[in-house]
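The structure appears below as structure tokens.
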Amino acid sequence: MPSVISPMLRSSDERRTTLHDHLAWWGLRHFTSDPEYFAWQRQHLSSDELAQLARLAEQKCEGSRADEIAFYDRTASPTIFPVLYSQRYEYYEELGCRVCGLLGSAEAILDFGCGPGILTTFYARQFPDKTFVGLDRSRASIELAQHMAGELGVANIRFECVDAEADALSGCYDLVIATHVLMQAEHDPGLPSLSWQTFERGHDPPQQSSFEQRTGLGVRLDRVCEVLRPHGRMIVSEKTRQLSRRVPFQRALSRRGFDLVGPPALVHYRTIEEAVDDGPLFLVHRGFQTSSSWDERPERDDGPPFVQDMAHSVSDPEKPLCENHWPSAQGVWEELQDRVVVHETTRQEPDGRQVHVERGTSGDFSYLYCANTFDQRQVVIDKRARSAMIDAYYQEIIRGLP
Ligand SMILES: C[S@@+](CC[C@H](N)C(=O)[O-])C[C@H]1O[C@@H](n2cnc3c(N)ncnc32)[C@H](O)[C@@H]1O
């Protein structure tokens, strides 16, 4: 029977299959069951090795450069890397395919912060006519990358050990791939909004510079810019799903002249023990006279709307008529008719965030609304006859505030 798969689909399916083979060659395994993964992990790593890795990972989170390098050096050990990197199997699968689709006509490509080169070697094998350089500051990762590229016999790839925080980069590239490398300080909450009533961020250069400095974003981006050709492109993806991190990240790109080439893509994958919503993945270019395309609004979400007709619906006695825990809760609250505030409080938390909690009425309804300057929103609406539930909820939240 003739195939009905379009050439486009077939090639992306083929690429995924090739990527699976490539990851298997690297010794990575795909697990859909956490217990199975942990049983496999225990067969390959001793409890001492696991304890040491856990300690190094914890120290890395504290953010010192030496601790970060020590962690990645250790993970590049031949017994450890297949086990540890298998946890991110779906990340490689997701990212590898997407990046291949974005390389376009670039000839000289830098994979900045390439780690042991798992994906860099894949890109190089997929595109033998392009030249790839993988760069990382973990010497052990680079040595592993060089060894594996040699084993694979890939000729169009080279690896360099450079710490971009300490030294300038060399070379000249049409395109830079920078994934999960530009921003350290994963726990940095980012920039708060101007107040609990808005998602907008002020334009405060010292605040932006402080964010770029504490996350290491500024220096890394500047280094990359120095080796990117005029009109060069970058593929970037960091843990910037929260608006408070996404906005200063986008502004860091924008202030260095980068604009979006296409719509950002959200990256979703499962690692061991968690489902991750990551990214967005941006394809950007520099040096074109375009008006800025950066969107600083929250993503569209699945929060339910509220319609007055809900009052006539048969309701579950355990549940309010409407409960929305997403940024869209702000729109629901703003559109409540004849809103009357019964109680409200606004507090400043020790970390500087502002929290607002409000209980009120809107016609035949009672509502509770919570909002803070890190984009969390919540609205709960019920019939007035059941306002005791809303009031209890309000009191509980107030008691929990600092
Ligand atoms: C989380 S890993 C990401 C690896 C790979 N890009 C990926 O997406 O799987 C971050 C890598 O960036 C490297 N790195 C971080 N800061 C760097 C710097 N200033 N210069 C060079 N490499 C750096 C680390 O050594 C590490 O291997």
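The values are calculated or read from the model by the stated rules, or taken from the named source; none is laboratory data. As the structure is a prediction and not an experimental result, all values here were calculated from the model. So basically every Cβ, Gly included, is an ideal-geometry build from the backbone, and we count neighbours across all protein chains shown. For accessibility, only protein heavy atoms count, side chains too; no ligands or nucleic acids. Shrake-Rupley method; radii C 1.70, N 1.55, O 1.52, S 1.80 Å.
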- Message: Can you report the number of residues in region 133-167 which are assigned to a loop (DSSP other than H, G, I, E, B) and within 11 Å of the ligand (Cβ to nearest atom)?
- Response: 8
- How many residues does region 388-402 contain that are open to solvent by less than 40 Å² (accessible area, probe 1.4 Å) and not β-branched (Val, Ile, Thr)? 2
- Working only within region 342-387, note down all residues that are under 28 Å from Pro317 (Cβ atoms) and among the charged types (D, E, K, R). Glu344, Glu358, Arg359, Asp364, Arg377, Asp382, Lys383, Arg384, Arg386
- Task: Hey, could you check region 242-289 for residues that are touching a residue at least 24 places away in the same chain (Cβ under 8 Å), open to solvent by 70 Å² or more (accessible area, probe 1.4 Å) and outside any strand (DSSP E or B) and say which is farthest from Pro35 (Cα to Cα)?
- Result: Phe288
- Task: Collect the residues in region 320-360 that are surrounded by 16 or more Cβ atoms within 10 Å (Cβ to Cβ) and either hydroxyl-bearing (Ser, Thr, Tyr) or in a strand (DSSP E or B) (or both), keeping them in residue-number order.
- Result: Cys322, Glu323, Asn324, Ser328, Arg339, Gln354, Val355, His356, Val357, Glu358, Arg359, Gly360
- Message: The conditions are (1) under 19 Å from the mean Cα position of the chain (by Cα); (2) away from the ligand (no atom under 12 Å from the Cβ); (3) not in a helix (DSSP H, G or I), and Phe211 fails exactly one of them. Which is it?
- Response: (3)
- Query: Can you tell me which of Gly171, Gly113 is open to solvent by less than 30 Å² (accessible area, probe 1.4 Å) and either more than 9 Å from the ligand (Cβ to nearest atom) or in the same structural domain as Arg214 (by TED's automatic domain parsing) (or both)?
  - Reply: Gly113
- Note on the structure: In region 222-241, anything outside any helix (DSSP H, G or I) and open to solvent by 50 Å² or more (accessible area, probe 1.4 Å) is listed as Arg229, Pro230, His231, Arg233, Lys239, Arg241
- Query: Picking from Ala164, Ala124, Ala185, which residue would you name as being within 21 Å of the chain's Cα centre (by Cα) and surrounded by 14 or more Cβ atoms within 10 Å (Cβ to Cβ)?
  - Reply: Ala185
